[in-house]
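The next block holds one structure in the form of structure tokens; read it before the comments.
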Amino acid sequence: MRIFLMFFLLISALFSGSFKLKRWQEGETFGTYLTKHHIDSTKFYNQIDPDDIKFLSAIQAGITFFESSEGGKLKEALIPLGEEMQIYVFKKKNGYGFDIVPIKYKVIKDTVTIKIKNSCFTDIKKATNNPDLATYLNKIFKGYVDFTKLKKGDTVSVKYEQKSIKGIPWGEPKIIGAYIKSQESEYFAYQNKNGYQVWSNSNLLQKVTKVAKKVPALYKSFNNPLNKMRITSAFTYKRWHPILHRYRPHLGIDIGAKRGTPIYAVADGKVVYAGWMRGYGKVTKIDHGGGYISLYAHQSRILVKKGQFVKARQVIGRVGSTGRSTGPHLHLGVYKRGKPINPFRVLGKLVLIKGGGTIYKKVAVTSKNLAKDLPDKEKKLYNALAKISQTKPFIWKKFNKNIQIHFENIRKESSNADRFKLSSKKGAA
């Protein structure tokens, strides 16, 4: 029977239908999406594990997703929760099923070098079919290079990586280094742990930097929530759930500690929630301003109230194991404008809350001769980008809502976990 079932799943995988690429509309909820497809939302929600319902609100407006229809009715839908995991809705005999499954992609590494003919935006898009590459390049050099003033014959060179699903760009491009040559001016940017550092031989760079320093900014120091940080589970969009025995996102970090250990506010802020939350047990949420909210889950005791203002390092609760938990620990979540981020992006750092002219962390350096003044590691990247005259870049598939994508293995790996468990991949991420 088991052999027959695995064979059936494999055959289903090989002959799965095609998907059309679509975009999630502004203001649309998962409930309205179901209603639009004439699906009974009450019946649908009743079959979902309570722990999974919280992920439905993580769908971001504007994201691309995949949809398959047959006879005018929804057959399957794959809706991303990030760049690693996605909601899977599928038609079955009596209604629709639900799961959360890994996203299948590969990483494209490429270098693009062009000579400007019309404009940086149109020329890069024409060369690569990637609609976001020039946009992110502009963000890196914002304040230093006016892309509208680049002239015919100027050189732009970019080394980057991007996830790909069947040749379609997925998520944000990761720019490793970029070089611009405009007449006698050179601009070079490379990524480090603090963001991007920009080097240039242009005097204009010094003027822009001085103006930026005059803009007032409010920073907050984000501290650790426990005195000892023993991480038992990291932030990921793809974690094997120890209780559900399925892959699920883990939108925070788990810190192991004894029951009753003091929990500290990571930064100053206002308590916006203090109470019970499904799956998370006793929870406190603090608004720190600037769109940042921290969440502290599975507490044994909550020591603050909604509406209360707290200081950084103030005790707000005690470690416990309430809600769905395998033992005493603190689950710390950090959200920026409603989107979950890895808490280690802010812990132990000064975080910009408001003001400031530099959102993208850049350190500007003016140099007479970039080839001599750059550090050795960066010099190799600079030389590689500056010496390329022209490249044959990877050509991405054009973004078009009518593109059809085949997910050959989706049923084999992600159908109901009770029928086909992934225990051999436990702990994989």
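Can you spot a residue in the range 340-353 that is at pLDDT below 80 and loosely packed, with under 15 Cβ neighbours inside 10 Å?
The answer is no, given that none of the residues of the range 340-353 is at pLDDT below 80 and loosely packed, with under 15 Cβ neighbours inside 10 Å.
The rows are residues; the columns are (1) at pLDDT below 75; (2) part of a helix (DSSP H, G or I); (3) out of contact with any helix residue (DSSP H, G or I) (no Cβ under 9 Å at 6 or more places or on another chain).
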residue: G327; (1), (2), (3): no, no, yes
residue: K380; (1), (2), (3): no, yes, yes
residue: L385; (1), (2), (3): no, yes, yes
residue: S389; (1), (2), (3): yes, no, yes
residue: I395; (1), (2), (3): no, no, no
residue: K398; (1), (2), (3): yes, no, yes
residue: K401; (1), (2), (3): yes, no, yes
residue: R411; (1), (2), (3): yes, yes, no
residue: D418; (1), (2), (3): yes, no, yes
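Residue by residue through the range 266-289, note down the ones that are surrounded by fewer than 17 Cβ atoms within 10 Å (Cβ to Cβ) and not in a strand (DSSP E or B).
Of everything in the range 266-289, just one residue is surrounded by fewer than 17 Cβ atoms within 10 Å (Cβ to Cβ) and not in a strand (DSSP E or B), namely R278.
Looking at the structure I just gave you, is F55 touching a strand residue (DSSP E or B) at 6+ places or on another chain (Cβ under 6 Å) and among the aromatic types (F, W, Y)?
The answer is no for F55.
For the range 298-318, does any single residue satisfy the condition of being among the hydroxyl-bearing types (S, T, Y), within 13 Å of I263 (Cβ to Cβ) and surrounded by 15 or more Cβ atoms within 10 Å (Cβ to Cβ)?
Checked against the condition, which is being among the hydroxyl-bearing types (S, T, Y), within 13 Å of I263 (Cβ to Cβ) and surrounded by 15 or more Cβ atoms within 10 Å (Cβ to Cβ), the range 298-318 yields at least one hit.
Name the residues in the range 246-276 that are more than 24 Å from the chain's Cα centre (by Cα) and of a type in the set (A, V, I, L, M, F, W, C), would you?
A257, I263, A265, V271, V272, A274, W276
When you scan the range 173-195, how many residues do you find that are of a type in the set (G, A, S), farther than 12 Å from Y382 by Cβ and surrounded by 20 or more Cβ atoms within 10 Å (Cβ to Cβ)?
Selection size over the range 173-195: 0.
If you check N118, N94, which single one turns out to be over 30 Å from L150 (Cα atoms) and surrounded by fewer than 17 Cβ atoms within 10 Å (Cβ to Cβ)?
Criteria check complete, one pass: N94.
Need pairs with beta-carbon distance below 7 Å; first residue among the charged types (D, E, K, R) and at pLDDT 80 or above and within the range 71-85, second surrounded by fewer than 19 Cβ atoms within 10 Å (Cβ to Cβ) and not in a strand (DSSP E or B); sequence gap 6+ or separate chains.
K75/G17; E76/G17
Here is a list of conditions, (1) part of a strand (DSSP E or B); (2) at pLDDT below 85, and G177 meets all of them except one; can you say which number that is?
For G177, the failing item is (2).
List pairs: first residue in the range 37-56 and at pLDDT below 85, second residue surrounded by fewer than 14 Cβ atoms within 10 Å (Cβ to Cβ) anywhere in the structure, Cβ distance under 7 angstrom, at least six positions apart or on different chains.
P50/R278
So is K166 farther than 17 Å from E83 by Cα, in contact (Cβ under 8 Å) with a residue 24 or more places away in the chain and of a type outside the set (A, V, I, L, M) or not?
Spelling it out, it is not the case that K166 is farther than 17 Å from E83 by Cα, in contact (Cβ under 8 Å) with a residue 24 or more places away in the chain and of a type outside the set (A, V, I, L, M).
The values are calculated or read from the model by the stated rules, or taken from the named source; none is laboratory data. Small disclaimer: the values here were computed from a predicted structure and weren't measured. Cβ: placed from backbone, ideal geometry, glycine included. Neighbour counts: every protein chain shown.
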